[in-house]
1. Which semi-axis lengths, in whole Å and largest first, follow from the square roots of five times the eigenvalues of the Cα gyration tensor of the stretch 883-947?
2. Please report Rg over Rh for the stretch 28-251, where both radii come from the alpha carbon positions and Rh follows the Kirkwood definition.
3. Determine, at each q value in 0.11, 0.17, 0.19 (inverse angstroms), the log₁₀ of I(q)/I(0) that the Debye formula gives when each Cα of the stretch 494-669 is one equal point scatterer.
4. Across bins of 10 angstrom width beginning at 0, how are the C-alpha pair distances of the chain distributed, in whole percent?
5. Tell me what the chain gives for mean residue ellipticity at 222 nm when only DSSP H runs of n ≥ 4 count, each as -39,500 (n - 2.57), the sum divided by the residue total, rounded to 500 deg cm²/dmol.
6. Taking every alpha carbon pair in the stretch 723-876, what does the distance histogram look like in 5 angstrom bins from 0, in percent?
7. Could you order the peptides 532-539, 108-115, 308-315 from most to least packed, using the average number of other C-beta atoms within 10 Å per residue?
8. Measure nothing fancy, just the Cα-based angle from helix 414-424's long axis to the longest principal axis of the chain, in degrees from 0 to 90, nearest 10.
Amino acid sequence: MLKSLAEACVPRDWVFDPSVRDTVHDIDELDQLDPARFFAENYVTQGMRTLLTEAFQRLEGRSQSASGIFLLSQTMGGGKTHNLLALGLLAKYPQWRQPVMGQFYTPGPLGAVRVLTFSGRKTHTPFGIWGELASQLNRREVLSDFYSPLAAPGVEDWVRLLRGDPTLILLDELPPYFQAARAIQIGQTTLDHLTTVALANLLVAVASGKLPNVCVVLTDLRAAAYEAGSTALNEALRNLEQEANRTATRVDPVRLNTHELYAILRQRLFAKVPSEHEIEAVGDAYARALEDAQKALDLAGLSAQALRQEILSSYPFHPAIRDLFARFRENPSFQQTRAIIRIMRIVVAQLWSSGIAKRKMLIGAHDIDLGRPDIISEIRQINATLDNAIAHDIVDEQGGAVAQRIDAELGGTHTRDAATLIFLSSLSQAVNPLLGLNRSEIIGYLAEPGRDVVSILSALEQLQRRAWYLHVTSAGQLLFKNVENLNAKLESYAQGLRDERELELRERLEKMFEPKVGACYQAVEPLPALDQVQLSSDRVTLIIFRPLPTALGEVERWWENQQYKNRVLFLTGTPTGYERVIERAAYLRAIQRILQEFRQQGLPETDPQLLEARKIADQQESQFYLACRETFQVLYYPYHTGLVRVDLDPRYFANRYEGEQQVVEALRRVGKFLDETSPDSSFRQSVETRLWPETQKEVLWTEVKRRAATDPRWFLHHPRALDQLKEALIQRDIWRDVGNGYVQRGPFPKPRTEVQVQLLARDENTGEATLRVKPLHGDVIYYSFHGPPSDRSERLHSGQLKTCELRVWFLAVDSRGEHETGDPFCWTNTLTVKYRFFQKDNRRMCELRAIPQGEIVYTVDGSNPEINGTAYHGPFEVPVGTRVILAQAKADGLVSPLLSVQVPQNGGPDPLIDRNHEAIWRRPQKLDDTRDTYEFLEHVERVDGMLQGLTVAIVRGQQWASLAIDERTRVMPRQVRQGIEFLREFVPNGRVTMDISAVWCPSGQDLLDLVAALRTELQPGEVEQ
């Protein structure tokens, strides 16, 4: 069974005593220390083991080669004084040597050793350091020559003073002494200089072999470690350190990057810890918790087994403590081991006093309570620049910090725990420091049995969104800085944009409910003044109004006074939700302004601030849409009883809200919106019974549409639905357009017979037309060339007729008598004029011909032949200088199109083309395979030409399908290709053929370009302009 901290560990009594919590022993207090208590809390590090072994080998005379000088080199608070005290106590009290050193060194019979100590904090030394050391030996007189005036003893002087019994000299914290000595003038020099010489001579004397049982231990000689340091002082200490380095053994008292830190904390703070088996159980539990976290969150870079091994060494502390504290160990004011012991002593006392230790199995870095004044005091010595980050983002006395508020909302302490870890990772002030933690590291440090790691991610998202001093690096590391982040700027901007909140909300609502399809409503009015809204009969308007207590009543009164009651919808929400939406709109406006500023500053796309701002913009949009989803969900639609409420079922995807779709679906559920408006649905019946006046078969169509707009009982549907229904039913002859905007509905009497005549071909030289004649609502056709036919006229048997007549009358008759005989139909041939130039002697002659027949008048001076024309009786000479001949034919009341002929000016008969005037090229084209057909269409398309008298066919074996277009209709090549594709559905993989009677071109130049592309030439009489 897993044991909690309270069950498995017993802290030492003094951990709970504030009076001794911060006690730091001085080397001069060696004689007052209780060895039993000291060694009970002492852990022998590798550095201490080296120091004790080497020092006692020297003092016991076991090794002449053993160094007699040791330099403890670690920054302040790194365990140097503690090592001096341990060595001094063992030197003074032989009975403690075996209990303390027995596992790594076998002490000899050496008795108590003379121990001389000096602390650099003792700056008043009238006889110098040498006088202090001589006095402790009760041999002050040996160096009497060096007291007045003060002078540095030489090597032999030190030998004379120290020879004899084994002696241990402990020199601690010398830089403060040198700093004070720098100000004491001694003759032409200063005391610090004399001290440097004196101590250098002492080191030489010990290293010379003349004092084989004397040992000197010095601590760090770097003034920077004590925030001291003029150039001269640093130089004096550097000279002494160089002298020490020549002969001294350098020892690191505590290696903070190893497990020694945990062992020291465990030994100093706890009287009892559990067995190795029980610790392994805790390690297994944490490993399982981390494995579960990895599976749940797909974390990378974390090893559950590595964590287990770390816990076996670090228990009862979490391995994160060493990793995080190592980041700021080089900070100038950080006292390393000493500070860590002080901090963890406070943490242990709080966990056990508060009872939290009963619920925990390890002491984590996140258990450091940044709300305690004594902890904050320690933090300020490490880094004093992040007070604002603590107060605003992590913890304050009233519980109003960001992390505390998030934890109050989400439950638990995930946010504060994570924020504490991030804070500790942000304290380093080293050059090129390692700052911040990524999400995987945070999860790894916080994963423990019983903790919901998924909630940690949620807490981190909230923290990153709301904290003011939390920053994110480009690598995704979270860290605290002493400058406000985008969240703070966003908060400030949002508070300053209160007057623009509703403007932003209007713009967003208009986009959210934009009628992209426009089937149900076609306009949006967000938060308008109702007296400014104008309804119209041809569109539905969605009005979004503020959810004020009196708003619905005002809306209902306004609606009652509208003519087009069925052309409006109303959307609103709850008052509390509206306030939330308004607030989110301010933040949305603020982040957009921040992004605009960044763009104006020219920040690169990869800039971390810009990337973070975009992420915040996405988050703010999500929050805004969420607030809108929860607020604007009440829709009112018109009905004969008044406005009726229906609730939306809003959904949104990412930052996309489909407002129009939600409105349509809500109205579809209640039957207000109608999708199916085809002529085959019940929509036609609804129109005829509810919008059509009951007693009328004929109605003004605008009246039908007016009723649809004014009657709240009517559906909402696509705005073109009524017109499309009308068009479809008129095409089917279920309704009829009777003119002047009136529509008539059936049933209708059976239609009278009719004749449908289709011109299949016409010979341009003879005027002979080939007609396809089809009876409608009948089965017999009579025809006549001289007037309307009767049932005694000639009967058409084949369905086709070839004729050169100008007019042909047809009459269809239903021999079964079911359809009344309709009116005769008169088909009219086309009357045209052809021309030809030819040479007779030296004269240019012009011949005109009416096709198929008729009388011709012409002019050669460009005047209108209908007014000034000369009757044509045969070929005539073209007067010299004539530029244009105009001609027109008449026959049986028909008039041909005006023929305009440009007279060639080179004396030849070739046709002259007006390059700027449209032209018709009347040359039949016969294209017998697919490739030729498509190439011809491409040539015509390049000059924007169109085709007339077109017949397209697709043939495969005995299968064929064709499409014919009359001569009067002009067709674009694109339309022809569409027609070919349509025919392919009936005859796939067939050969395409095409016959054309004429090509129309926008200009004469286009015609010339087409002729050139086809590699042919124009012939006289085949171009009309």
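No lab work stands behind these numbers, since they all come straight from the coordinates. Being a predicted model, the structure only gives us computed values, none of them experimental. Cβ: placed from backbone, ideal geometry, glycine included. Neighbour counts: every protein chain shown.
1. Output for the stretch 883-947: semi-axes of 29, 19, 12 Å.
2. That ratio is 0.95, to two decimals.
3. -0.51, -1.05, -1.24
4. Histogramming the chain at 10 Å steps yields 2, 8, 11, 10, 10, 9, 8, 7, 6, 6, 6, 6, 5, 3, 2, 1, 0 percent.
5. -11500 deg cm²/dmol
6. Bins of 5 Å from zero give 2, 8, 12, 13, 11, 11, 11, 10, 8, 6, 5, 3, 1, 1, 0 percent of pairs.
7. Ranked from most to least packed, the peptides come out as 308-315, 108-115, 532-539.
8. So the helix axis and the longest Cα principal axis differ by about 60 degrees.
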